[in-house]
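Below is one structure, written out as structure tokens; the observations come after it.
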Amino acid sequence: DVFAWLRRLFVTSKTITDAEQDLESFIVRDAPVKILPVKGTSGIGVVLSGSALSALLCSCESDTTKPSPTGQNATFDVTTAPELATIGAVIKRTFGSNNGGNPVFIVRTGETTFLVLSSRCSHQGCEVNEPSQIGGKLVCPCHLAEYDPLTGQQNKPPSGSRSTGPLQKFAATFNPQTNILTITF
């Protein structure tokens with residue numbers, strides 16, 4: 001929607017010129033509501049109606065509801081992901097409609113132990129990025145919340161918001177003889 005797009009615009013645009021071009025393109029092609037660009041000497045602004053502005057500002061204060069547990073099991077052969085041979089490694093996989101159809105993080109926490117976390121940010125449900133290296137944080141691109149990949153705990157709250165809690169955990173059991181991880185959603 002327009003509000004998510006505007007939030008991302010101001011987080012991802014590299015320069016004011018990029019933001020202006022992105023906003024003009026959006027207004028011409030995609031805008032679902034009337035938005036008026038306002039250009040001045042200091043950059044770009046946006047004029048929204050009072051109700052639209054209120055909805056935009058309040059949207060950052062609503063927390064995401066977690067998908068309801070289904071009790072369904074999914075299996076994963078960890079040998080199909082060579083990166084999981086290293087303790088601390090994280091991969092992202094989707095298991096059908098489990099976790100609301102969103103991917104989960106599979107984290108190797110020990111020789112025979114794994115942690116499975118939802119990739120949905122506990123703030124607004126944006127898809128959290130996997131770390132670029134072992135030991136890196138899980139970071140939400142929408143509001144820059146950071147999570148510890150070994151626990152799922154939120155180490156840094158979303159920009160402009162209070163802590164919204166850890167990533168949802170899913171029960172997982174690992175059979176070292178078969179290398180099969182069974183995840184209960």
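General remarks:
- Residues in region 147-178 that are farther than 20 Å from P67 by Cα and touching a helix residue (DSSP H, G or I) at 6+ places or on another chain (Cβ under 9 Å): S159, F174.
- Residues of region 131-164 classified as under 13 Å from the mean Cα position of the chain (by Cα) and of a type in the set (G, A, S), total: 2
- Residue count for region 71-81, restricted to those that are in a helix (DSSP H, G or I), touching a residue at least 24 places away in the same chain (Cβ under 8 Å) and open to solvent by 20 Å² or more (accessible area, probe 1.4 Å): 1
- The combined condition, being polar (S, T, N, Q) and on the phi > 0 side of the Ramachandran plot, is fulfilled by N179.
- Listed by first and then second residue, the pairs with beta-carbon distance under 9 Å, at least 6 apart or on different chains, first residue in region 131-148 and on the phi > 0 side of the Ramachandran plot, second open to solvent by less than 50 Å² (accessible area, probe 1.4 Å) and not in a strand (DSSP E or B), are G135/G88; G135/P149; L144/P158.
- Subset of region 87-105 [within 21 Å of S68 (Cβ to Cβ), assigned to a loop (DSSP other than H, G, I, E, B) and open to solvent by 40 Å² or more (accessible area, probe 1.4 Å)]: T94, G96, S97, N102
- L84 vs. criteria at negative phi, open to solvent by less than 80 Å² (accessible area, probe 1.4 Å), in a helix (DSSP H, G or I) and of a type outside the set (V, I, T): yes
- Residue tally, condition in contact (Cβ under 8 Å) with a residue 12 or more places away in the chain, part of a loop (DSSP other than H, G, I, E, B) and either open to solvent by 70 Å² or more (accessible area, probe 1.4 Å) or among the hydrophobic types (A, V, I, L, M, F, W, C) (or both), over region 156-177: 2
- Residue match in region 58-66 (condition: open to solvent by less than 30 Å² (accessible area, probe 1.4 Å), over 17 Å from I183 (Cβ atoms) and not in a loop (DSSP other than H, G, I, E, B)): yes
- Scanning region 113-121 turns up at least one residue that is modelled with pLDDT of 95 or more, more than 19 Å from the chain's Cα centre (by Cα) and not in a helix (DSSP H, G or I).
- Residue within region 128-142 that is open to solvent by 60 Å² or more (accessible area, probe 1.4 Å), closer than 14 Å to K66 by Cα and of a type outside the set (S, T, N, Q) present: no
The values are calculated or read from the model by the stated rules, or taken from the named source; none is laboratory data. Since this is a predicted model, take the numbers as computed values, not measurements. So basically every Cβ, Gly included, is an ideal-geometry build from the backbone, and we count neighbours across all protein chains shown. These accessible areas exclude ligands, DNA and RNA; they are computed on the full protein's heavy atoms, side chains included. Shrake-Rupley method; radii C 1.70, N 1.55, O 1.52, S 1.80 Å.
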